[in-house]
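Have a look at the structure below before the remarks.
The values are calculated or read from the model by the stated rules, or taken from the named source; none is laboratory data. Not measured: the values here are computed from a predicted model. Please note: Cβ atoms are built from the backbone with ideal geometry, for glycine as well, and neighbour counts cover all protein chains shown.
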Amino acid sequence: MAHRLTLLLSTPRIAPGLFTRDAWTALANAVHVFTRDEDETQLLAIQESGIPAVHLGEMPPVALTKLLLDRTIDGDVVWIGSADGDPGLTDALAAAVTARADAPEVEVVVGSYDVPGARLLDLVAVMDRLRSADGCPWDAEQTHESLVPYLIEETHELVEAIESGDRMHMAEELGDVLLQVVFHARMAQEHADVPFGIDDVAGGIVDKLVRRHPHVFADGDAETSEDVAANWELIKADEKPHRSSPMDGIPDGLPALARADKVASRLSAAGRLDLAQSAAAGDDLGSRLFALVMEAREHGQDPEAVLRAAVRAVAGQL
């Protein structure tokens with residue numbers, strides 16, 4: 001009498017052994033538990049639980065199907081799905097079960113699911129491989145400094161994608177920017193004196209976001225976006241008391257219009273809008289450009305974005 005064949009699917013992106021109750025029940029009731037690879041992430045966890053599990057190595061789908069179905073004569077069988085989805089196995093199973101008069105019941109049990117953000121773990125793993133000894137020579141040669149031009153270029157390409165309204169292009173360019181972050185974090189692990197990694201980077205920004213949103217994560221009060229912005233600046237000032245000027249922290253490398261906009265914003269927040277207005281009062285070209293930046297701010301517009309749109313409109317007529 002044939003019993004049940006269970007295909008147990010799981011994600012490699014969470015800790016091994018974090019299965020659903022249905023998955024552990026199927027494993028506990030099985031006479032045979034098989035998987036393909038010796039380094040399958042779930043294999044050791046299942047073996048450590050006291051359930052015998054065996055890796056079979058690489059087998060053609062038809063041969064693997066015959067073995068699994070034949071073993072159901074002894075009792076229930078569980079196949080632990082491989083990370084690549086075992087190409088060809090389900091088709092071979094479907095054909096074999098249809099042809100057999102005494103075919104066992106075949107079921108698919110999903111033992112674990114990806115959580116949101118799980119594919120970030122794949123990106124970290126791929127970057128680690130590229131940067132490792134058996135990885136890519138080009139990636140291995142890069143430094144934080146050598147990647148700066150790529151970071152700048154990818155950021156501008158993302159801005160262009162956002163302003164184009166092309167959603168797929170935007171997703172692609174977000175990926176390219178994300179790669180730069182992961183690449184820098186992977187290189188930072190190798191620093192002899194002050195190493196840090198992607199978890200330090202992520203942990204730092206998580207702590208900062210929680211700290212600067214007390215109205216969400218604590219007992220702070222902020223009913224409007226203006227309240228949030230004001231609280232943000234006060235909290236940031238407490239975090240960085242060494243800053244003596246409203247201009248501290250504004251990158252010198254910002255494009256001129258963006259830097260002018262940021263300066264005007266800081267002066268306004270510091271109650272020194274009079275300085276910005278004074279700088280915009282002259283008749284020289286720089287003062288007139290700064291006056292236009294101030295005008296854009298008054299209308300809630302980004303001067304860089306407005307100018308880019310105007311340039312695109314001109315370029316589109318060629």
Would you check if there is a residue in the range 103-121 being among the charged types (D, E, K, R), loosely packed, with under 12 Cβ neighbours inside 10 Å and closer than 30 Å to THR20 by Cβ? yes
Conditions (1) in a helix (DSSP H, G or I); (2) at positive phi; number of the one not met by GLY249: (1)
Take VAL97 and tell me if it is closer than 30 Å to TRP24 by Cβ, touching a Ser or Thr at 6+ places or on another chain (Cβ under 9 Å) and not in a helix (DSSP H, G or I). no
Can you name the number of the only condition in (1) over 18 Å from THR35 (Cβ atoms); (2) in contact with a Pro (Cβ under 9 Å, 6 or more places away or on another chain); (3) not basic (Lys, Arg) that THR98 fails? (2)
Residues that are β-branched (Val, Ile, Thr), over 19 Å from GLN42 (Cα atoms) and buried (at least 20 other Cβ atoms within 10 Å of the Cβ), drawn from the range 60-81: THR65, THR72
Residues (within 30 Å of GLY81 (Cβ to Cβ) and at pLDDT 95 or above) located in the range 133-157: GLY135, CYS136
Hey, does the range 14-37 have a residue that's in the same structural domain as GLY81 (by TED's automatic domain parsing), under 17 Å from ASP114 (Cα atoms) and in contact with a helix residue (DSSP H, G or I) (Cβ under 7 Å, 6 or more places away or on another chain)? yes
Which of the following residues is closer than 28 Å to ILE152 by Cβ, out of contact with any Asp or Glu (no Cβ under 9 Å at 6 or more places or on another chain) and modelled with pLDDT of 85 or more: LEU267, LEU289? LEU289
Reported set for the range 144-175 where residues are aliphatic (A, V, I, L, M) and closer than 17 Å to VAL306 by Cα is LEU158, VAL159, ALA161, ILE162
Quick one: in the range 179-200, which of the residues that are within 15 Å of the chain's Cα centre (by Cα) and within 18 Å of GLU145 (Cβ to Cβ) is surrounded by the fewest Cβ atoms within 10 Å (Cβ to Cβ)? VAL181
